[in-house]
1. Might you check whether a residue that is of a type in the set (F, W, Y) and more than 30 Å from Q161 (Cα to Cα) occurs anywhere in the stretch 20-41?
2. May I ask you to verify whether E72 is exposed (fewer than 12 other Cβ atoms within 10 Å of the Cβ) and in contact with a helix residue (DSSP H, G or I) (Cβ under 9 Å, 6 or more places away or on another chain)?
3. For the stretch 103-143: of the residues being farther than 28 Å from G39 by Cα, among the charged types (D, E, K, R) and surrounded by fewer than 18 Cβ atoms within 10 Å (Cβ to Cβ), which is modelled with the highest pLDDT?
4. Can you name every residue in the stretch 35-64 that is touching a residue at least 12 places away in the same chain (Cβ under 8 Å) and part of a helix (DSSP H, G or I)?
5. If D88 passes every condition in (1) in contact (Cβ under 8 Å) with a residue 12 or more places away in the chain; (2) of a type in the set (D, E, K, R); (3) on the phi < 0 side of the Ramachandran plot but one, which one does it miss?
6. Quick check: anything in the stretch 226-237 in contact with a His (Cβ under 8 Å, 6 or more places away or on another chain), assigned to a helix (DSSP H, G or I) and at pLDDT 60 or above?
7. How many of the residues making up the stretch 80-97 are of a type in the set (V, I, T) and touching a Lys or Arg at 6+ places or on another chain (Cβ under 7 Å)?
8. Which members of the stretch 182-223 meet the condition of being modelled with pLDDT of 85 or more, over 30 Å from Q267 (Cβ atoms) and in a helix (DSSP H, G or I)?
Amino acid sequence: MEQKGGAQDRKQAAIKLTSWMAHKHYCENDSEALISQFGEPFSWIGAGEQEYSSSREQVTAAFRQMAGMVPECIISDEQYDAICVAPDIYVCSGMMWIRTAPSTGIALRVHQRISTVIRFSGTTAECCHIHISNPYAEMQSDDVGFPHAMARVSREYLEEQVAAQKAQIEAQAAQMQWLSFTDTMTGLYNRNRFNAEMEADHHDNPPIGVAYFDVNGLKEVNDQLGHQQGDDLLRRAAAHIKQTFAGKAYRIGGDEFAVIDHEADEQVFAAAVADVCARMERDGIYCAAGFCWRDANCKLNEADRMMYTAKKRFYQERGMAYFRGRTSHGDDAVQ
């Protein structure tokens with residue numbers, strides 16, 4: 001590996017090469033990359049009881065046997081120091097935490113130590129010695145009959161991984177639930193949430209107010225001005241409804257919105273519906289609206305039928321000319 005030539009540069013180069021080799025082995029299991037840095041002569045002491053050799057050929061063979069055998073790991077909290085022990089010779093020592101990646105399906109975390117001897121020839125650095133040791137590989141002085149310290153560290157890591165996976169699953173479930181009940185274009189609840197409310201029995205929480213809003217002219221806006229303008233029309237309409245009925249409004253069709261209110265009394269609810277319609281009209285949005293309010297026990301499917309009756313009566317009483325005279329895009333109201 002090519003390096004700069006100054007003493008301080010070489011010290012940093014020894015540290016960099018040691019860290020690079022650790023990552024190549026534990027994070028990428030790239031045996032050939034490590035072997036390419038082995039000098040001659042070369043010696044190795046691994047973490048295992050039998051992992052020792054002073055033959056470059058034997059170490060090369062041992063590392064090639066490890067190809068595909070080391071699970072993907074994550075290295076953190078690396079600490080290194082390097083000292084010059086002879087001209088062009090540096091000893092680098094360090095320690096790090098190594099943990100298996102969640103994707104491996106296994107859970108292990110150990111505190112690893114490493115020592116290397118790095119030799120420079122001109123600007124080229126090569127590794128002449130690697131010593132890997134693991135303070136948890138054998139029992140500690142206060143362990144009796146079993147390596148309890150290593151077991152505790154591994155259990156803590158496993159618990160961390162389980163907690164992280166649980167949090168990820170909960171976040172994904174919350175996101176999926178939000179998507180299943182939310183109309184992403186307007187931010188209101190969607191038809192799925194509305195249907196769930198319609199099917200629920202609300203006899204224990206009267207009163208109940210239900211309102212429907214039909215935006216007029218959507219088809220003509222889409223045809224003449226493009227769907228982007230049509231989407232903007234729906235978002236503006238939804239914003240007016242949400243301003244008054246936050247947490248109670250639904251987009252139940254292309255240009256249809258509904259409100260279910262269990263809190264307001266009849267006068268307040270009627271005034272709120274009228275206020276939404278007035279603000280929409282001032283914004284150049286024309287809609288048909290109908291509502292019912294009940295203070296007795298009822299299910300929403302009953303209110304649903306009453307709303308469609310109210311909407312039909314609304315169109316009959318106000319007439320189609322009401323909309324044609326107020327929008328340049330015509331009318332697409334439900335008959």
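1. Taking the stretch 20-41 and keeping what is of a type in the set (F, W, Y), we get 20, 26, 38.
Narrowing further to those that are more than 30 Å from Q161 (Cα to Cα): 38.
So far as the stretch 20-41 goes, yes, one or more of its residues are of a type in the set (F, W, Y) and more than 30 Å from Q161 (Cα to Cα).
2. Numbers: exposed (fewer than 12 other Cβ atoms within 10 Å of the Cβ): no; in contact with a helix residue (DSSP H, G or I) (Cβ under 9 Å, 6 or more places away or on another chain): yes.
When the stated conditions are applied, E72 does not pass them.
3. Applying the filter and picking the extreme gives D142.
4. I35, R56, V59, T60, A62, F63, R64
5. D88 satisfies every listed condition except (3).
6. Of all residues in the stretch 226-237, those in contact with a His (Cβ under 8 Å, 6 or more places away or on another chain) come to none.
Checked against the condition, which is being in contact with a His (Cβ under 8 Å, 6 or more places away or on another chain), assigned to a helix (DSSP H, G or I) and at pLDDT 60 or above, the stretch 226-237 yields no hits at all.
7. Pass one, the stretch 80-97, residues of a type in the set (V, I, T): 83, 85, 89, 91.
Cutting the leftovers down to touching a Lys or Arg at 6+ places or on another chain (Cβ under 7 Å) gives us 89.
Selection size over the stretch 80-97: 1.
8. N192
The values are calculated or read from the model by the stated rules, or taken from the named source; none is laboratory data. All values derive from a computational prediction rather than experimental measurement. With ideal geometry, Cβ positions are generated from the backbone for all residues, glycine too; neighbour counts draw on all protein chains shown.
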